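S.K.: Can you keep this structure in mind? I'll have questions shortly.
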Amino acid sequence: MLRDIFRPGFLRRLECLKIDVKRVHLSTRKGGYEAVNKKGTSLEFAEYQEYNPGDDFRYIDWNLYGRLDKLLVKTFKEEVELSVHVLLDVSLSMLYPEVDKKFEYSKKIALALAYIGLSSQNSVRVAAINSLSQEGAANPVIQTQFFQRLNGIFRIKDFVDGIKPGGEADIKGFLSRYIYENRGRGGSVMIISDFMVPPLAYKKAIDILRFKNYDIKIVQVLGAEELDPFKNLKSGEIVDVETRQRKVVRVTGALKKGYYKRLNQHNMELRDYCRMNRMAYTLARTDIEIEDLILKEFPRMGFVR
Amino acid sequence: MGILSPLALAYLPLAGLLVLIYLFRKKHKTIFVPSFIPWKGLRQDTLRSRSFLSDALFFLQLIALLLLVFFLTRPYLPSLSSGIIGREIIVLMDTSASMQTREGGRTRFELAQEEALKLVDELGIGDTMQIITMHRRPHIENEMSGNKPELRKLVEGLKPIDTSSNLNEALSLGVSLLGHLDNGALHVFTDVERPGQMDSDVRFVNLAGSSRDNVAITGLDVYQDMFKEYREREAYVSLENFSDRPSTVILKSYLDEKPITEQIIELNPREEKTIRIQDIKGSGLLKVEFTPDDALSVDNAAYAIIRHKKTLTVLVVADEPLFVEEMKKIESATELMKFSVIPPVSYRPGMAKEYDIAIFHQYVPQEYPDTNALFVFPPKENRFFPIRGWTRGASFIDWDSENPILRHLDYMGELWAYKALHLEPNEDLKAFIMAVGTEEDFPLAVSGVVKGNRVVVLGFDVADFNLSKAKNMPILIMLLNIIQWLDPHGAENYQIRTGEPFIVDLEDEQEGDEITLLTPEGETVKIDPAGNQLVITETHQSGAYVLKRGGDETWFVANLFDVEESDIGGTSSRQGQIDFKRAVASTYIEEKKKGLGRYILAAVALLLLAEWILYCMRARTAVT
C-alpha cells in the first residue's frame, strides 16, 4: 500500500503539484498536456522563427516580410502530452553505506515523483538504471510501461519494490538503450542516483539526453554516513562495493580533510554541470524527511511547481 | 653443538602462534563504501597494508622467537679438558686447655701442630686444606686453600687457649663440611677420646700420651654478702688430684699480689679437698695458686674479686612506730646499711631514685618508685597491686624455697599472720608465699620485676612481728634476704669461666667513652658496645681482666674450672681411625660444555632493537 510509505496528507499535497518543465518536448501521444514552445496549433502565440523549407507556409507573416524582407513564420504553443521518465539508479552503491538507506530513500523519491506526474495526468514510466551483464553485454532495460492514470502508481510501486540493486552503474550505456527504446517519447527525465561515478561518465550519459532535448532533472541521493564516514572509523580496509577496489586507510586529520575535499569537489562538479546546462539539480540527503524534500526542496529547485 | 634441554623445542609452535597473530592482525576492519571517488588520491596506510610475506617486522620477530626457543634448549659447544682432582683435607685442631698438657718435652698441641704440618707438606698439586680450631666453639680459620706457605703459617700461628672443648659440635661441623667434598678427608687432632664409630674418611688422632700427673683448682668461691665486713669474708678453694699417685702441693693465696695464706696440702690419687682461706682484709684481686708445677699449668691458679665495701642506702617510708623500730634494729645490726625514715606525707615523687632501695609501709605512692622497692602491707586502694580481700589470722602454708628471698629458710609452717592480704599475682609478680585462712589459700607475698626494678610485696605487716624474738627469726632472715635481693649491686657477678662472655650494662652517661679491655696477658683490646650492653667474648685466658670506660675500671676474672680438661689422663690412645681411607689425587678428563645462552640473548636484544627502529621509521613514514 502506498500509504505504508506516504501519509495520506502528504499524498494529497503531492496531488497539488506538477512536474516543472523548462524545455520543448516532442510528443505525439495524447494524455496530460503541457503548453510547450513548439510550433503547435494552439491559439497561444509563442514566437517568430525563420522559415524553413517544409514549414507550413500558412503561418508566414507576410506583413513582417514586407517590412523586413524576411520570411518569418509564427509559432504557437502547442499543448502536448508530457512524458515523465523516472530513472532510478539500482547499482550496488545505492545500498551503501547501509545505515544511509539510500535506495529506500530513492524509491520514495521515485514514487513521489511518479505520483505527482500521474496526478497531473502525465505519462509516467519508471525505469531502473541497471548495469552491464556479467559478460559485459548490455542488459535489457527494466522499466514499467507508461501510466497515465493515478492507479498506475500501484504497479509502479510493485515495480520498484521488486528491484534488487546490484552491479556497477552504467549510466551511459543504459541511457543509450533507454532512449533507443523510448525514441520519440521526449519529456522530462528525472535521474535519481548517488552519481558516484566518474564525472566524465555521467556527463557523457546526460549529454545524450540533452541532445535529445529532454528536460533533465538530477536528484543526487547521499547519506550522512557517506558524507562523513569517520565517526566510527579509525582505520580499516575500504572496499568499493561495485569495483571491489581496496585500500587500507588510517584515519588522520589529513585523510579526513582530503575525503571531504574530494567528495565536495565531486558533488560541486555535478551541480555546476547541471546549472550550466539548465538542469534542475538537488542533493537529497537521506537524513532529510522525504516530505520536506518533496514539498520544500523540489519546488525551490524547479523540480515541481 | 648440542643442547641440554631438548624439551624446550616444544616451544616451537609459538612461531605458529606468531603467524596466527599476524594473520589475525591482517584482518582489517572492512568498510564497504559506495564508491572510491572520495577516497582516490588519499594515502594508503602502508604500514598496516603491507603484505604479510614481505613484512620485515614479522621476520625479525620470528627470528627473535626462534632464538629464544633456541636459548631455552641451552645450547652448548662441547670441548674436552683434563686436570687433577685434588684432595680436600679438613684439619680439626683441638685448642682447648688440656692441649697445653706437656708430654715429655712438648705439649699435646705442639704434637698436633707437627701432625698438621706434615699434612701440609704432603699436599700435592690440586690438594687443598682447611683448618678448623676447636675449643668452646669450633672456628673455621681459613677457606679451603692449596697455598702451602700460608697453611704452614696458619698452623704455626695457632695457640691453645684456657677453655674447655666441645668435640661433638666441632666434629659435626667437620663432618658436615666433609659431606660437601668429592675427594675429602677429615683429620682430627685432639686429646679427647674418639666418640664411637667414625666414617671411613675421618682420621681421629688422639694426642693424649702418658702424662697423668695433674692437680687442679676446680673451684674458688668467696662468701662476701653485704652484712659481712671484710674480715668476716671467706674464700673456699677446691683442689683435686687427677693423677694416679699422691701429690703434695703448697697452696698460696694473695690479695692484690700480697700474700695472705700459705698451706701445704696433701692429696691422695683422685682426691678432692676444699680449703678455706680467711683473713681477707680488704677488697681487690684474690689469687690462689699452688706449687710445684705439673703437666698442665693452666689449672694451677684461680682468681676471684673481693668487692669493695659499699654502704646500702635505704629509704623507709613509714609512720608506724613499731615498723620503724624494727627497721632501726636491722640498721644497727649491720654496718653496711644506712636507713632514712620519712612519713608517707613527706614522700615526693622521684625521691626514691636517690636510694638503692625503698621500703614502703602501709603506703603505695601515686607514681611508681624508680628504684628497687619493698611494699609491706600495702593499703587495699592502691594503683599497682590489686588486693582481692583480707583474712584475719592466716597461716603460712606453702613457700618457694628456691626463691633467693627464702634462702636459709627451710620451714615457715609455724608462722602466722595477724592480718593477711589476698594479693593477686600477675605476669610480673609471682607468689613466693601462700597462706590459708578460714577458707581457701591465697598469695601472701609476691616478687618480680616491674618497669625494670625489682619489687617485693608482703601481704602481712612486719610490724606485727617482734623480730627480736626467736620464733620470728624467719621473718628477720626473710627481710634481710629481701634487702639483699633488692640490692642493685648484689647481682653483679665478676667471675666467669674462660670462654664465657662477660656482659656489662652501659649507663647512658657512659655512651661515647672509649672502652678497652686489658687481658691477663697484658694485651689491650678495644671493645665496641652492642647497644646498651658490652658483651666481651675475648675471655679465652684465665686470669684477671680490666675493663676501662672513661675513668672507671671494672675488674673481672676468668677461671677454667673444668674437670674434664683437668683430667688429662682419660683413656688415651694414639690409635686413629682403623678404616681410614686416605684420599688420593686422581687425574680426570671431562667434557666441558660452553654455553651459548649469553650470545643468543645478546642477539635477541639486537633484533628487538632493530625491530623497534624499523617500527619507528615506518610509523613516522605513515604519519607524514
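Table: residues versus (1) surrounded by fewer than 21 Cβ atoms within 10 Å (Cβ to Cβ); (2) touching a residue at least 12 places away in the same chain (Cβ under 8 Å).
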residue: A:ARG58; (1), (2): yes, no
residue: A:ASP61; (1), (2): yes, yes
residue: A:SER83; (1), (2): no, yes
residue: A:LYS107; (1), (2): no, yes
residue: A:TYR115; (1), (2): no, yes
residue: A:VAL124; (1), (2): no, yes
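S.K.: Also, I was wondering about something else. Could you tell me how many of the residues in segment A:203-227 are within 11 Å of chain B (Cβ to nearest Cβ) and not aliphatic (A, V, I, L, M)? Can you show your working first?
M.R.: Filtering segment A:203-227 for residues within 11 Å of chain B (Cβ to nearest Cβ) gives A:221-223, A:225-227.
Filter once more, keeping what is not aliphatic (A, V, I, L, M): A:223, A:225-226.
Adding up the residues that qualify gives 3.
S.K.: Give me the strands (runs of 3 or more DSSP E) completely within segment A:58-156, filtered to those with at least 2 residues that are at pLDDT 90 or above and small (Gly, Ala, Ser), ordered by residue number.
M.R.: Numbers: elements: A:72-81, A:83-89, A:123-129.
In segment A:58-156, the matching strands (runs of 3 or more DSSP E) lie at A:123-129.
Residue-wise test of (1) within 10 Å of chain B (Cβ to nearest Cβ); (2) in a strand (DSSP E or B); (3) without any contact (Cβ under 8 Å) to a residue 40 or more places away in the chain.
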{"residue": "A:PRO229", "(1), (2), (3)": "yes, no, no"}
{"residue": "A:LYS261", "(1), (2), (3)": "yes, no, yes"}
{"residue": "A:ARG275", "(1), (2), (3)": "no, no, yes"}
{"residue": "A:ALA284", "(1), (2), (3)": "no, yes, no"}
{"residue": "A:ASP287", "(1), (2), (3)": "no, no, no"}
{"residue": "A:GLU291", "(1), (2), (3)": "no, no, no"}
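S.K.: Take the residues in segment B:126-146 that are in contact with a strand residue (DSSP E or B) (Cβ under 6 Å, 6 or more places away or on another chain) and under 14 Å from B:ASN183 (Cβ atoms), then tell me which one is surrounded by the most Cβ atoms within 10 Å (Cβ to Cβ).
M.R.: B:MET129
S.K.: Against the definition (touching a strand residue (DSSP E or B) at 6+ places or on another chain (Cβ under 8 Å) and either outside any loop (DSSP other than H, G, I, E, B) or among the basic types (Lys, Arg) (or both)), how does B:MET434 come out, yes or no? Steps first, answer last, please.
M.R.: Details: touching a strand residue (DSSP E or B) at 6+ places or on another chain (Cβ under 8 Å): yes; either outside any loop (DSSP other than H, G, I, E, B) or among the basic types (Lys, Arg) (or both): yes.
Judged against the criteria, B:MET434 is a match.
S.K.: Give the number of residues within segment A:215-263 that are among the acidic types (Asp, Glu) and over 23 Å from A:LYS203 (Cα atoms).
M.R.: Initial filter on segment A:215-263 (among the acidic types (Asp, Glu)): A:215, A:225-226, A:228, A:237, A:240, A:242.
From the residues that got through so far, the ones that are over 23 Å from A:LYS203 (Cα atoms) too are A:225, A:228, A:237.
Result for segment A:215-263: 3.
S.K.: List the residue pairs whose Cβ atoms are under 6 Å apart, where the first residue sits in segment A:162-188 and is touching a residue at least 40 places away in the same chain (Cβ under 8 Å) and within 14 Å of A:ALA127 (Cα to Cα), the second is of a type in the set (Asp, Glu) and outside any loop (DSSP other than H, G, I, E, B), and the two are 6 or more positions apart or on different chains.
M.R.: A:ALA169/A:ASP89; A:SER188/A:ASP215
S.K.: Please verify whether B:ARG108 is modelled with pLDDT of 90 or more and either surrounded by 21 or more Cβ atoms within 10 Å (Cβ to Cβ) or under 34 Å from the mean Cα position of the chain (by Cα) (or both), treating the condition exactly as stated. Let's see the steps before the verdict.
M.R.: Values: modelled with pLDDT of 90 or more: yes; either surrounded by 21 or more Cβ atoms within 10 Å (Cβ to Cβ) or under 34 Å from the mean Cα position of the chain (by Cα) (or both): yes.
Taking the combined requirement at face value, the residue satisfies it.
S.K.: State which residue pairs qualify: first residue aliphatic (A, V, I, L, M) and inside segment A:294-305, second residue outside any helix (DSSP H, G or I) and surrounded by fewer than 19 Cβ atoms within 10 Å (Cβ to Cβ) in any location, beta carbons under 7 Å apart, and separation of 6 or more residues or different chains.
M.R.: Sorted first by the residue in segment A:294-305, then by its partner, the pairs are A:VAL304/A:LYS18; A:VAL304/A:ASP20.
S.K.: With respect to the numbered conditions (1) over 17 Å from B:ALA358 (Cβ atoms); (2) more than 24 Å from the chain's Cα centre (by Cα); (3) at pLDDT 85 or above, which one is the sole condition not fulfilled by B:TRP485?
M.R.: Checking B:TRP485 against (1) over 17 Å from B:ALA358 (Cβ atoms); (2) more than 24 Å from the chain's Cα centre (by Cα); (3) at pLDDT 85 or above, the one that fails is (1).
S.K.: Just give me the residues in segment A:231-259 being outside any loop (DSSP other than H, G, I, E, B) and either surrounded by fewer than 14 Cβ atoms within 10 Å (Cβ to Cβ) or more than 7 Å from chain B (Cβ to nearest Cβ) (or both), in sequence order. Working first, answer last.
M.R.: At the first step, the residues of segment A:231-259 found to be outside any loop (DSSP other than H, G, I, E, B) are A:235-240, A:246-250, A:253-259.
Listed by number, the residues that qualify are A:ARG246, A:GLY253, A:ALA254, A:LYS256, A:LYS257.
S.K.: Moving to a separate point now. Within the set of pairs 6+ apart or on separate chains, which have a first residue in segment B:405-423 that is among the hydroxyl-bearing types (Ser, Thr, Tyr), a second that is modelled with pLDDT of 80 or more, and C-beta atoms under 6 Å apart?
M.R.: Matching pairs, first to second residue: B:TYR418/B:ASP464.
S.K.: Just for segment A:263-273: of the residues that are free of Cβ contacts under 8 Å to residues at least 12 places away in the same chain and either more than 30 Å from B:LYS29 (Cα to Cα) or more than 14 Å from every other protein chain (Cβ to nearest Cβ) (or both), which one is surrounded by the fewest Cβ atoms within 10 Å (Cβ to Cβ)?
M.R.: A:MET268
S.K.: Go over the candidates A:ILE171, A:ILE192, A:ILE179 one by one and state the one that is crowded, with 17+ Cβ neighbours inside 10 Å, in contact with a strand residue (DSSP E or B) (Cβ under 8 Å, 6 or more places away or on another chain) and more than 14 Å from chain B (Cβ to nearest Cβ). I'd like the intermediate steps shown before the answer.
M.R.: Working: A:ILE171 fails: more than 14 Å from chain B (Cβ to nearest Cβ); A:ILE179 fails: in contact with a strand residue (DSSP E or B) (Cβ under 8 Å, 6 or more places away or on another chain).
Among A:ILE171, A:ILE192, A:ILE179, only A:ILE192 is crowded, with 17+ Cβ neighbours inside 10 Å, in contact with a strand residue (DSSP E or B) (Cβ under 8 Å, 6 or more places away or on another chain) and more than 14 Å from chain B (Cβ to nearest Cβ).
This table checks each residue for (1) part of a loop (DSSP other than H, G, I, E, B); (2) surrounded by 12 or more Cβ atoms within 10 Å (Cβ to Cβ); (3) among the β-branched types (Val, Ile, Thr); (4) within 41 Å of the chain's Cα centre (by Cα).
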residue: B:PHE375; (1), (2), (3), (4): no, yes, no, yes
residue: B:ALA394; (1), (2), (3), (4): no, yes, no, no
residue: B:ILE397; (1), (2), (3), (4): no, yes, yes, yes
residue: B:ASP410; (1), (2), (3), (4): yes, no, no, yes
residue: B:ALA420; (1), (2), (3), (4): no, yes, no, no
residue: B:GLU439; (1), (2), (3), (4): yes, no, no, no
residue: B:PHE442; (1), (2), (3), (4): no, yes, no, yes
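S.K.: Next question. Test of understanding: among A:ILE192, A:ILE218, which residue is in contact with a Cys (Cβ under 7 Å, 6 or more places away or on another chain) and either closer than 21 Å to A:SER106 by Cβ or in a loop (DSSP other than H, G, I, E, B) (or both)? Can you show your working first?
M.R.: Details: A:ILE192 fails: in contact with a Cys (Cβ under 7 Å, 6 or more places away or on another chain).
When all the criteria are applied, what remains is A:ILE218.
S.K.: If you check every pair at least six apart or on different chains, which have Cβ atoms under 8 Å apart with a residue in segment B:340-365 that is touching a residue at least 24 places away in the same chain (Cβ under 8 Å) first and a residue that is surrounded by fewer than 21 Cβ atoms within 10 Å (Cβ to Cβ) and among the small types (Gly, Ala, Ser) second?
M.R.: B:TYR355/B:SER340
So that you can scan it fast, the table gives a plain yes or no per residue for (1) surrounded by 15 or more Cβ atoms within 10 Å (Cβ to Cβ); (2) in contact with a Cys (Cβ under 8 Å, 6 or more places away or on another chain); (3) not in a strand (DSSP E or B):
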| site | (1), (2), (3) |
| --- | --- |
| B:LYS329 | no, no, yes |
| B:GLU335 | no, no, yes |
| B:PHE339 | yes, no, no |
| B:ALA358 | yes, no, no |
| B:VAL364 | yes, no, yes |
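S.K.: With in contact (Cβ under 8 Å) with a residue 60 or more places away in the chain, aliphatic (A, V, I, L, M) and under 18 Å from B:ALA112 (Cβ atoms) as the only criterion, which of B:LEU173, B:LEU178, B:LEU154, B:LEU167 stands out? Before you say what the answer is, go through the steps one by one.
M.R.: Values: B:LEU173 fails: in contact (Cβ under 8 Å) with a residue 60 or more places away in the chain; B:LEU178 fails: under 18 Å from B:ALA112 (Cβ atoms); B:LEU154 fails: in contact (Cβ under 8 Å) with a residue 60 or more places away in the chain.
Selected residue: B:LEU167, the only one of B:LEU173, B:LEU178, B:LEU154, B:LEU167 that is in contact (Cβ under 8 Å) with a residue 60 or more places away in the chain, aliphatic (A, V, I, L, M) and under 18 Å from B:ALA112 (Cβ atoms).
S.K.: A further question follows. Hey, B:LEU255 hits all of (1) more than 30 Å from B:PRO343 (Cα to Cα); (2) touching an Asp or Glu at 6+ places or on another chain (Cβ under 9 Å) but one; which does it fall short on?
M.R.: (2)
Matching residues to (1) in contact with a strand residue (DSSP E or B) (Cβ under 9 Å, 6 or more places away or on another chain); (2) more than 22 Å from B:GLY499 (Cβ to Cβ); (3) surrounded by 17 or more Cβ atoms within 10 Å (Cβ to Cβ):
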residue	(1), (2), (3)
B:GLY124	yes, yes, no
B:ASP162	yes, no, yes
B:SER172	yes, no, no
B:GLU193	yes, no, no
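S.K.: Still on this model: What number of residues within segment B:1-16 are outside any helix (DSSP H, G or I), modelled with pLDDT under 85 and either touching a helix residue (DSSP H, G or I) at 6+ places or on another chain (Cβ under 9 Å) or over 18 Å from B:LYS594 (Cβ atoms) (or both)?
M.R.: Result for segment B:1-16: 2.
S.K.: If we scan segment B:529-538, do we find a residue that is surrounded by fewer than 12 Cβ atoms within 10 Å (Cβ to Cβ), farther than 30 Å from B:GLU115 by Cβ, of a type outside the set (S, T, N, Q) and at pLDDT below 80?
M.R.: Checked segment B:529-538: at least one residue is surrounded by fewer than 12 Cβ atoms within 10 Å (Cβ to Cβ), farther than 30 Å from B:GLU115 by Cβ, of a type outside the set (S, T, N, Q) and at pLDDT below 80.
S.K.: Which one of the conditions (1) farther than 24 Å from B:THR539 by Cβ; (2) in a helix (DSSP H, G or I) does B:ALA112 fail to meet, given that it meets all the rest?
M.R.: (1)
The values are calculated or read from the model by the stated rules, or taken from the named source; none is laboratory data. This one's a predicted model, so the numbers in the text were calculated from it and none came from an experiment. Don't worry about glycine lacking a Cβ; one is built from the backbone with ideal geometry, like all the others, and counts go over all protein chains shown.
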